[in-house]
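Comments concern the structure below.
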Amino acid sequence: MSEVLTAPLVVEFPFTRSLGPVQSAFLTGLRERTVLGVRARDGRIVVPPTEYDPVTADELSDLVEVAPAGTVTTWAWNPSPRRGQPLATPFAWVLVRLDGADTALLHALDAPGPDAVRTGMRVRIRWAAERTGAITDIACFEPADRDAPPAAAPTPHTGRFADPVTGITAPARLDYTYAPGRTQSRFLQGLAQRKTLGERCPACRKVYVPPRGACPTCGVATGEQVEVGPRGTVTTFCIVNIKARNLDIEVPYVYAHIALDGADLALHARIGGIPYDQVRMGLRVEPVWTDGARYPDHYRPTGEPDADYDSYKELI
């Protein structure tokens, strides 16, 4: 039985969005150490504020200021903080209903341990030393004096601040361990030996590269291994003009679908060794390996005549 491979992977995307008047006022308020909510049609104060009523969907704009202290409504202990979370030491995720609000705000509570956290405890905001107009301007919550009385009722607020925040960039990141399974592990191990292995469906006889373990058309397991390529044909392609982070490739460059000889499914790879504006459908290519690499770095033209369209039209 071949070794089953695993690898740590990261999916990361900085999401940039503009803000409407309500969200702009809320985030700008945090920068100024002010917490704003919005009054819903039924009179409830919603914090964080929403631009539309959660019940009627009416547009909302009646902003009010609430207190920076409140009550924990529920919580969960986080013993192992992950990258990018509010605190580097164990903490509690808490829902806090700030004084004057009718809904709860999710954030972190800095506490020495789970025994120090309870539903109903009083907490207050710990503001970040440097604030930019983001939810992270609240560094976390911390325990407050249990005998301190709740703050007064919320007060109306215009939502106007100098230099308002009009847009944010929210980083989205997912760290996970990918296990390709036995079929794709055999495929990857084959690449390390500079062989491209597909698997044939016993019913329709199509050869899938990379193999999937089962035929997506017939729904049956694919067990027969077939070596394909190494040469192939560009079936379609795209020109990349935006440079990706941590990828040392100058733009523009080309990624293409390549139908390897003997395969019934095109794989995805970069094209090199040719100007980007000379890449075309039907171009015959071959893999280029770098020293010690476990997979081809890119594909380059073989110098053969272009393939006839009819030979690859079903693989586009």
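Restricting the range 295-316 to residues that are charged (D, E, K, R) and assigned to a helix (DSSP H, G or I) leaves a set whose member that is farthest from Thr196 (Cα to Cα) is Asp310.
Residue count for the range 246-276 under the criterion of being among the charged types (D, E, K, R) and without any contact (Cβ under 8 Å) to a residue 12 or more places away in the chain: the result is 2. With the structure loaded, tell me whether Arg160 is within 18 Å of Thr28 (Cβ to Cβ) and in contact with a helix residue (DSSP H, G or I) (Cβ under 6 Å, 6 or more places away or on another chain) or whether it fails that test. When the stated conditions are applied, Arg160 does not pass them. Residues satisfying the criterion are absent from the range 180-195 (criterion: part of a strand (DSSP E or B) and either in contact with a Phe, Trp or Tyr (Cβ under 7 Å, 6 or more places away or on another chain) or open to solvent by less than 30 Å² (accessible area, probe 1.4 Å) (or both)). The sole residue among Pro8, Pro112, Pro86 that is under 30 Å from Pro180 (Cβ atoms) and either assigned to a strand (DSSP E or B) or not β-branched (Val, Ile, Thr) (or both) is Pro8.
Quick check on Glu51: is it closer than 16 Å to Thr158 by Cβ, open to solvent by 10 Å² or more (accessible area, probe 1.4 Å) and not basic (Lys, Arg)? I'd like the intermediate steps shown before the answer.
On the way: closer than 16 Å to Thr158 by Cβ: no; open to solvent by 10 Å² or more (accessible area, probe 1.4 Å): yes; not basic (Lys, Arg): yes.
When the stated conditions are applied, Glu51 does not pass them.
Of the residues in the range 115-124, at least one is in a strand (DSSP E or B), open to solvent by 60 Å² or more (accessible area, probe 1.4 Å) and at pLDDT 95 or above.
Of all residues in the range 62-81, those that are open to solvent by 50 Å² or more (accessible area, probe 1.4 Å) have Cβ atoms under 6 Å from Cβ atoms of residues that are hydrophobic (A, V, I, L, M, F, W, C) and assigned to a loop (DSSP other than H, G, I, E, B), 6 or more apart or on another chain, in Trp75/Val117.
Look through the range 166-176, keep the residues that are in a strand (DSSP E or B) and among the β-branched types (Val, Ile, Thr), and return whichever of them is surrounded by the most Cβ atoms within 10 Å (Cβ to Cβ). Among them, the one singled out is Ile168.
Selection of the range 144-165 for residues being open to solvent by 80 Å² or more (accessible area, probe 1.4 Å), at pLDDT 90 or above and among the aliphatic types (A, V, I, L, M) yields only Ala162. Selection over the range 47-75 of residues that are among the small types (Gly, Ala, Ser) and closer than 18 Å to Asp99 by Cα gives a count of 3.
Somewhere in the range 33-48, is a residue polar (S, T, N, Q), touching a residue at least 40 places away in the same chain (Cβ under 8 Å) and open to solvent by less than 30 Å² (accessible area, probe 1.4 Å)? So far as the range 33-48 goes, yes, one or more of its residues are polar (S, T, N, Q), touching a residue at least 40 places away in the same chain (Cβ under 8 Å) and open to solvent by less than 30 Å² (accessible area, probe 1.4 Å).
The values are calculated or read from the model by the stated rules, or taken from the named source; none is laboratory data. For clarity, every value in this text was computed on a predicted model and none was experimentally measured. For neighbour counting, all protein chains shown are included, and Cβ atoms are generated from backbone atoms with ideal geometry for every residue, glycine included. Heads up: the accessible areas ignore ligands, DNA and RNA and are worked out on the full protein's heavy atoms, side chains in. Shrake-Rupley method; radii C 1.70, N 1.55, O 1.52, S 1.80 Å.
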